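Here's the structure, in structure tokens; my notes come after.
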Amino acid sequence: MIVFSYSHIGKKSNNEDTLQFNNWCLVVCDGVGGGVKGELASKEISNYLLKNFDHELSNEQSLKELAHYAQIQLNILTHNEPNLDGMATTIAAVFLTKTGLFTMHAGDSRVFIVKPKKKRFWQTWDHSLVSTLVRTGEITREQARKHPLNNQISKAFIANLENSTIEPEIHLLSDLEEGDICFICSDGVLEAFSDYKLLSLLSEEEMDLKQKLEHIQQRCKKESRDNHSAII
């Protein structure tokens, strides 16, 4: 597995994105903008997932439990420091196991799986009203990018004093082949790229992974206002 990554503050005053990876787990978390300590929430969740993911024992249920206990850690911090109540983060993660590749997501950070040779792709769908409108055919993907509500999400990991948690969306992809590309990003990347342009770039067979990520990073530096981070 060849991996490259980057994280950039964009035109914001601080970077609330956190990305981390090892041989079995790749995670991008985006602290919810305007929330309390979004950067702390994103860091705590990504740290917990990498430290506690066991690829030998993992299945969908174990990943649900992993996500549950990661959120419990946020809640514990909130009980210790009540001013952290409401801190939140999105998550987009990939877990490699014996049975295939699991994705986990909540919010509008995304996972793309691209098969350049077959010109096929798979992606997670954002947990948002605008994403629902796209899936039901009421607006196009391009209209969604400019929609006034496109930054409002309906699901995230949110620290709270009630000790409640949410269940992220989890998928298993087992038809992996050599040359397939996994791309994980925060929503700041999607400010600079339409889905079509991003998928076209990821499918480009004349560029290697490093070149693709460098192109994405440079375009985002010019066009993305939000923090933007990615793993390829």
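The values are calculated or read from the model by the stated rules, or taken from the named source; none is laboratory data. All values reported here derive from a predicted model rather than from experimental measurement. FYI the Cβ positions are ideal-geometry reconstructions off the backbone, even for glycines, and counts take in every protein chain you see. To get the accessible areas, we keep the full protein, side chains included, count just its heavy atoms, and leave off ligands, DNA and RNA. Shrake-Rupley method; radii C 1.70, N 1.55, O 1.52, S 1.80 Å.
Measuring from centroid to centroid over Cα atoms, what is the spacing of the stretch 175-207 and the stretch 69-96 in Å? The two parts, judged by their Cα centres, are 28 Å apart. The charge dipole of the chain, taken about the Cα centre with unit charges on the Cβ atoms of Lys, Arg (+1) and Asp, Glu (-1), comes to about 640 debye, rounded to the nearest 20.
In square nanometres and to one decimal, what's the mean projected area of the convex hull around the Cα atoms of the stretch 62-190? Walk me through the intermediate numbers first.
On the way: hull surface 37.8 nm².
Approximately 9.4 nm², given one-decimal rounding.
Hand me the GluC sites (Glu not before Pro) from the stretch 1-60 located in a DSSP loop with no more than 10 other Cβ atoms within 10 Å, in residue order please. For GluC sites (Glu not before Pro) across the stretch 1-60 that sit outside H, G, I, E and B with at most 10 neighbouring Cβ atoms in 10 Å, the list reads E56. Which of V189, V134, V32 moves most in a GNM of the chain, Cα contacts under 10 Å? Largest GNM mean-square fluctuation: V134.
Note on the chain: with a GNM built from Cα contacts shorter than 10 Å, the maximum mean-square fluctuation among E191, E206, E167 falls on E206.
Checking every one of the chymotrypsin sites (Phe, Trp or Tyr not before Pro) in the stretch 1-71 against DSSP loop status and a limit of 15 other Cβ atoms within 10 Å picks out F4. Per atom type, the stretch 73-232 shows carbon and sulfur on 48% of its accessible surface, probed at 1.4 Å.
Here the relative contact order of the chain, from alpha carbon pairs under 8 Å that lie six or more residues apart, stands at 28 percent. For the stretch 1-136, the equivalent ellipsoid built from the Cα gyration tensor has semi-axes of 25, 20, 15 Å, listed from largest to smallest.
Candidates L96, L66, A106 compared by Cα position along the dipole of the stretch 51-143: farthest toward the positive end lies L96, with charges placed on Cβ.
Between S164, S13, S42, the Gaussian network model of the chain with springs among Cα atoms under 10 angstrom shows the greatest mean-square fluctuation at S13.
Where only protein heavy atoms count, and the probe is 1.4 Å, what is the accessible area per residue for the stretch 90-232 in Å²? Present the calculation step by step, with values, prior to reporting the outcome.
On the way: 7010 Å² over 143 residues.
Roughly 49 Å² per residue, with all protein chains present.
Measure up K43/K64; K12/K222; K64/K210 against 25 Å on the Cα-Cα distance and list the ones that go over. Over 25 Å apart, Cα to Cα: K64/K210.
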